[in-house]
Amino acid sequence: MSNEYLTFDETAEALLAKAKRDGAETMWDRRAAQKTQCGFGEAGVCCRICAMGPCRVSPVPGKGAERGICGANADTIVARNWARMVAGGCSAHSDHARDIVHALHAAKAEGPFKIRDEKKLRVLAGEWGIADADTKETYALAHDVANIALEEFGKPFGTQRFLTRAPQSRQDIWKKERIAPRAVDMEVTTLMHSTHIGCASDYESIFRRGMRTGLADGWGGSMLGTEISDILYGTPTARATEANLGCISDDMVNILIHGHDPNLAEMIVLAAQNPEMVELAKAKGAKGINLVGMCCTGNEMTMRHGVKMAGNFYQQEMCIITGAIEAAVVDVQCIFPALPALAKNYHTRFISTSEKAKIAGDLYLEFTEATGLENATEIVKIAVENFPNRDAAKVEIPDFKMPAMVGYSVEAIIDHLDAVVNSQLEDKLGGVKPLTDVIYAGVIRGAAGVVGCNNPKQTHDLAHIKIMEELIKNDVICVATGCAAQAAAKAGLLTLDAKEKCGRGLKEVCERVNIPPVLHMGSCVDISRILVLVNLCAEEKGVDPAALPVVGIAPEWMSEKAVSIANYVVGSGINTYLGVIPQVLGAPNFVKLITEDVMDIVGAKFVWEKDPMVMVDMIMEDLEAKRTALGI
C-alpha cells in the first residue's frame, strides 16, 4: 500500500516501518486484509435488523432483488440504517454528558470534583430559572443545576432547554417541522422503535425523526457536556501547547490518555501532579511524569491544562509503537480494540477504565465519580512503576512537534474581540459584533467549522489540512474541534504565524485580534460551542443562521457520532460538507431528500465531495452565494 493511501503526517512513515520490524500489526495491515469492501454495505442497502435477513437489495434499479423479505425497499433500508447511526452517535455524546452531570452532582468543596467556573454556574442557573441563582451557596446551586440537567435526558414532557439559545426564526422552523428535540433518551428510544421491523417505512418520516434525534445531541447532550465540563473544570482560555508524537519524552514516565471523558482525565492530571507520584517517578529513574493526550480526551486536557497532544485517531497505534509509553489509559469512544495486543509488543500497560467500554486484553481498572482520584492515583502508580521495564532498543520517538494555541471557547473568542471594540462608536463589550462586522464588510468572506475524525478512505489528515489551508488563503476563518483540530495543530495552523498563509483580509484580522486563522474550540462535544457562536452572530445581525456565510465540514468523518453531528448542524441551518461519501447511494430518493429537498425543511443540506480542492471551490461558491443573498 503506497503512502498516498496512508498518511499525510510526516511522523508516520518511520513508525510504520518500525511496526513491521517489531512484528506489530496496525490498522493499515487490517485495512489491507479487508480487500474490497462490501458493495451492498457501501451503498447502504444491506439490512440486518431482523432474523429473516440479512437482506440485500440491489443498488441498481432493475438488477437483482428490489425489496427485502418484509418488503422494505432501498429508500427504507438506507433511511433506517442512517437513522440508527444517528441514534448511536447521539447516545455516545449524550451518555458522555450524563457522566459529566453526575460528576457535577457529586461536586463538593472538599472533594476532587470542584466548581472552577462559578460565574458560568450562576449564569446557567439563571438561564434555567433557578431561584436565588446569584446568591445561593455554590455547591447547593450546583446540585440544583445537576438535577435539572439530568431531567434533560429523561423528562416526560417538553423540549430541550437550550433550544431557546437559537434565534426565534430557527425555533419556529423546528416547531413547524416537528423536529424540536424532546428528552435525549426519549428521542433515541423512539427512533430505535421507529426503525424496528414492521414500523416506519416512509423514508422522509424516518429521516425527520433522525434529524430530531441529532438535534437532541447538538442542543441537548453535547451542549450539556460542554457547559457542565466548563463549570466543573474551567472554561477554556487561550494557551500554548505542542502537538504530535515528538511530545513523548525519552526520559520521563509517559502516560497516554485516550478517549473522550474529561472526568477521568482531570483526575489523572491531579494524580500526576501529586508530589508523591513525582518523587516515585524519580526514584524509578525518570525525570518526572509526562501526560500526552489523544483524540478528544487530548483536546479536553490541552485546552484546560496545556497538556500536549500526541495526535489524533490514526496515531493511537503509532503512539504505542514509539516504545516509550508506560501506560495507555482509555475511557470511551474511538479506541481500537486492537490496542491491548499491540501493547504486548512493548512494555506498555493498556488500562481500560469504563464499564461502558471494557476492552479485553490487559488491565481493567474501573473509574467511578465516587472513587475517581483514588482510581487515577492507582493508574499513575502503575505507569510509574512500569518505567524501568522500558526497552531502550525498542524506543523510537519522532523528532517532530509543532507549537499550537488552543482553548478558544466562545468566551475566549469574545474576550479577544473585546480588545478591538470601538468604544467611540458605543459598541458594547462582551459580544460578537466585531466578528460579524468584518464578515459583513467582506474583510472575511465567511467562516467554516472543520470537525470530525480520520478515515482510511481519505489520506490521513490530508483533506483536513488542504481544506483549511485553502479556506484561510481565501479569507475564510476556520474553527476546529476533534481530530480536525489536532490535524491543524500538527500542521502549524494553530499558531499566530499561520496568518502568513492567509488572504489579506483574514491576515489583518488575525493581527488585530491576536488569534490564529484556525481556532481550536475543543473536543467533538464542543461542536456545541460552534452552534452557540453561529447563533450569536445570527442574533447580532437579526437573521436566521441559514442566511449566514457559514459552513460545516467533516473532511474525514467515520463514526456514528459524525452522522449525528451532521444532522444537528444541517438541522441548525448550516450546509454541511462531507469528504467521505455516506452509505446512502443505493437509495436515490433518500439521496435527493438529504441533498436537495431538505433545503425546504430546514434551509440547509448535506453535500459530499471526496476531492478536497473541489470541495473548497464548492464551499467558496456557497459562501459567496450567501453573501449575495444578504446583499453584502
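The values are calculated or read from the model by the stated rules, or taken from the named source; none is laboratory data. Bear in mind that the values here come from a model prediction, so they are computed numbers and not experimental data. Cβ coordinates were reconstructed from backbone atoms using ideal geometry, including for glycine residues, and neighbour counts include every protein chain displayed. These accessible areas exclude ligands, DNA and RNA; they are computed on the full protein's heavy atoms, side chains included. Shrake-Rupley method; radii C 1.70, N 1.55, O 1.52, S 1.80 Å.
A 1.4 Å probe over all protein chains sorts Lys626, Lys473 by accessible area into Lys473, Lys626, starting with the largest. Each Cα pair under 8 Å and six or more residues apart adds its separation to the average, and for segment 501-631 the resulting relative contact order is 22 percent. Per residue, the average separation of C-alpha pairs within less than 8 Å and at least 6 apart gives the chain a relative contact order of 17 percent. Count Lys and Arg as plus one, Asp and Glu as minus one, and take only other residues whose Cβ is under 11 Å from that of Glu508; the net charge is then +2.
Stokes-Einstein diffusion for segment 419-551, with the hydrodynamic radius set to the Kirkwood value over Cα pairs and evaluated at 37 °C in a medium of 0.692 mPa s, equals 216 µm²/s. Computed on the Cα atoms alone, the convex hull of the chain gives a volume of 153 cubic angstrom per residue. Summarising the strand pairing of the chain, around 15 percent of its internal DSSP beta bridges are antiparallel. Spin-label model, Arg178 to Val443: label points 7 Å out along the Cα-to-beta-carbon direction sit 4.7 nm apart. Residues of segment 162-183 falling in the label zone of Ala547, defined by backbone nitrogen less than 19 Å from a point 7 Å along Cα to beta-carbon, are 165-176. Based on Cα contacts under 8 Å between residues 6+ apart, segment 422-518 shows a relative contact order of 27 percent. In this simple spin-label approximation, Val420 and Ala629 carry label points 7 Å from Cα along the Cα→Cβ vector, and these lie 2.6 nm apart.
How much net charge surrounds Ile77 when only other residues with a Cβ under 14 Å from its Cβ are counted (Lys, Arg +1; Asp, Glu -1)?
On the way: positive: Arg48, Arg56, Arg67, Arg80, Arg84; negative: Glu42, Glu66, Asp75, Asp202.
For residues surrounding Ile77, the net value is +1.
If you plug the beta carbon distance of Glu374 and Met613 into 1/(1 + (r/R0)^6) with R0 = 56 Å, you get a FRET efficiency near 0.60.
Restricting segment 70-144 to GluC sites (Glu not before Pro) that sit in a DSSP loop and have at most 13 other Cβ atoms within 10 Å of their own Cβ leaves Glu110, Glu137.
Ala183 sits among other residues whose Cβ lies under 10 Å from its own Cβ, and their net charge, with Lys and Arg +1 and Asp and Glu -1, is -2.
Find which of Phe590, Pro612, Pro54 sits farthest along the positive direction of the dipole of the chain, computed with +1 on the beta-carbon of Lys and Arg, -1 on that of Asp and Glu, about the Cα centre. Positive-most Cα among the choices belongs to Pro54.
If a paramagnetic tag sat 7 Å from the Cα of Arg31 along the Cα-Cβ line, which residues of segment 455-470 would have the backbone N under 11 Å from that point? Only 455-462 pass the distance filter. Taken along its principal axes, the alpha carbon cloud of segment 267-343 reaches lengths of 33, 28, 17 Å, longest axis first.
Any of Lys35/Lys457; Lys20/Lys394; Lys120/Lys356; Lys308/Lys490; Lys605/Lys626; Lys18/Lys344 with alpha carbons more than 22 Å apart? Name them for me. With Cα atoms farther than 22 Å apart: Lys120/Lys356.
Calculation over all alpha carbon pairs of segment 375-416 in 10 angstrom steps from 0 returns a P(r) of 19, 21, 28, 23, 10 percent.
Spacing of the modelled spin labels on Asn589 and Arg48, each 7 Å from Cα toward Cβ, amounts to 2.6 nm. With R₀ fixed at 35 Å, the C-beta to C-beta distance from Glu621 to Leu429 puts the FRET efficiency at about 0.45.
Calculated FRET efficiency, Asn345 to Cys199, Cβ-Cβ distance, R0 = 56 Å: about 0.75 to the nearest 0.05.
For segment 537-632, the C-alpha radius of gyration sits at 1.08 times the compact-globule guess of 2.2 N^0.38 Å, with N the residue count.
Placing +1 on each Lys and Arg Cβ and -1 on each Asp and Glu Cβ, with no other charges, gives segment 536-619 a dipole about its Cα centre of roughly 140 debye. Fully extending the segment from Asn73 to Asn389 would add 108.0 nm, taking 0.36 nm per residue of separation and subtracting the current Cα-Cα distance.
Three principal axis extents describe the C-alpha atoms of segment 297-411; from largest down they are 43, 40, 24 Å.
Here the chain exposes an accessible surface that is 52 percent carbon and sulfur, computed with a 1.4 Å probe and the other protein chains kept in place. For segment 139-218, the equivalent ellipsoid built from the Cα gyration tensor has semi-axes of 26, 17, 7 Å, listed from largest to smallest. Expressed as a whole number of Å, what is the distance separating the alpha-carbon centroids of segment 102-137 and segment 427-505? So the separation of the two Cα centres works out to 33 Å. Per residue, the chain exposes 38 Å² of accessible surface when a 1.4 Å probe is rolled over the protein heavy atoms with every protein chain present. Projecting the Cα positions of Ile206, Val269, Ile248 onto the charge dipole of segment 206-295 (unit charges on Cβ atoms of Lys, Arg, Asp and Glu, taken about the Cα centre) puts Ile206 furthest along the positive direction.
With kT/(6 pi eta Rh) evaluated at 25 °C and eta = 0.890 mPa s, and Rh the Kirkwood radius from Cα pairs, segment 19-68 diffuses with a coefficient of 183 µm²/s according to Stokes-Einstein.
Computed from the Kirkwood radius of its Cα pairs, the Stokes-Einstein diffusion coefficient for segment 1-159 at 10 °C and 1.306 mPa s stands at 74 µm²/s. Put simply, the convex hull of the Cα atoms in segment 522-581 casts, on average, a shadow of 4.0 nm².
For segment 239-375, dividing the convex hull volume of the Cα atoms by the residue count gives 98 Å³ per residue.
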